[in-house]
1. Using the alpha-carbon centroid of each, what span in Å lies between the stretch 93-134 and the stretch 142-182?
2. For the pair Val86 and Ala59, how long in nm is the line joining their label points, each one 7 Å along Cα→Cβ?
3. In what order, largest first, do Lys124, Lys131 sit by accessible area if the probe radius is 1.4 Å?
4. Return a whole-number percent for the relative contact order of the stretch 6-179, with Cα pairs under 8 Å and 6 or more residues apart as the contact set.
5. Using the beta-carbon distance between Val146 and Asn79 and R0 = 41 Å, what value does 1/(1 + (r/R0)^6) give for FRET efficiency, to the nearest 0.05?
6. For a Förster distance of 22 Å, can you work out the FRET efficiency between the beta-carbons of Arg164 and His100, rounded to the nearest 0.05?
7. Once you sort the root eigenvalues of the Cα gyration tensor of the stretch 1-145 as a ≥ b ≥ c, which label holds: rounded (a/c under 1.5), prolate (a/b larger than b/c) or oblate (the other case)?
8. Which one, Cys8, Pro108, Val76, projects farthest toward the positive side of the charge dipole computed for the chain from Cβ point charges (K/R +1, D/E -1)?
Amino acid sequence: MVSLSSVCVYCGSSGLVNDVYKDAARQLGTRLAEAGIRLVYGGGRVGLMGLVADAALAAGGHVIGIIPDHIRALEVGHNALSELLVVDSMHERKRLMIEHSDGFVVLPGGFGTLDETFEVVTWKQLRLHDKPIVIADIAGYWAPLVTLFEHITAEGFVSGGHRRLFRVASDTDGILDALHGRAPL
Ligand code: AMP
């Protein structure tokens with residue numbers, strides 16, 4: 001079983017979303033804190049990002065935010081985090097998020113979340129890391145993406161299959177199991 005001290009959560013910056021996604025973000029933040037796992041995330045207060053961080057902090061967790069200086073105002077940089085790392089670029093943010101984390105969870109999100117997801121998956125494909133990645137398919141949100149991955153693999157554009165690169169989970173228990181390697185690939 002994998003031992004994790006910090007987990008990066010990628011998720012949407014929009015708050016104009018169904019409550020089922022907000023609840024999942026809060027639950028994950030709480031569960032990570034209760035498990036003594038540090039949360040690494042994008043450092044903002046907005047959308048699911050703020051919810052996951054606030055829930056982890058409320059449960060006594062350690063939260064590290066990593067935010068580029070130029071979007072601090074846009075994403076309302078969280079001012080009550082355990083640590084806030086202010087960086088120069090989106091690229092540096094993504095690199096540090098990967099370096100500071102032992103595993104990754106992809107909650108529902110938009111283009112930014114997809115960008116972060118593709119980077120962490122492709123870096124694993126290129127063997128730049130070998131950390132667990134869990135796609136949190138809350139209420140079926142990521143089902144079209146998983147179908148796309150299956151299509152890409154079936155058509156031969158991903159060699160050796162994509163299944164070893166990530167796991168898919170549908171709720172908080174499943175996410176924790178998958179992070180710890182207790183769920184099938
Ligand atoms: P979204 O899923 O679009 O709501 O964005 C989620 C997070 O991804 C936000 O914190 C965005 O700032 C971040 N993001 C968007 N594009 C990029 C990028 N190219 N590199 C790093 N982070 C990004």
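The values are calculated or read from the model by the stated rules, or taken from the named source; none is laboratory data. Values in this document were obtained by computation on a predicted structure and should not be read as measured data. Here the Cβ is made from the backbone with ideal geometry for all residues, glycine too, and neighbour counts use every protein chain on show. These accessible areas exclude ligands, DNA and RNA; they are computed on the full protein's heavy atoms, side chains included. Shrake-Rupley method; radii C 1.70, N 1.55, O 1.52, S 1.80 Å.
1. If you average the Cα positions of each part, the centres end up 13 Å apart.
2. Here the answer is 3.0 nm between the modelled labels.
3. Lys131, Lys124
4. The value is 23 percent.
5. 0.65
6. 0.40
7. rounded
8. My answer, from the dipole projection, is Cys8.
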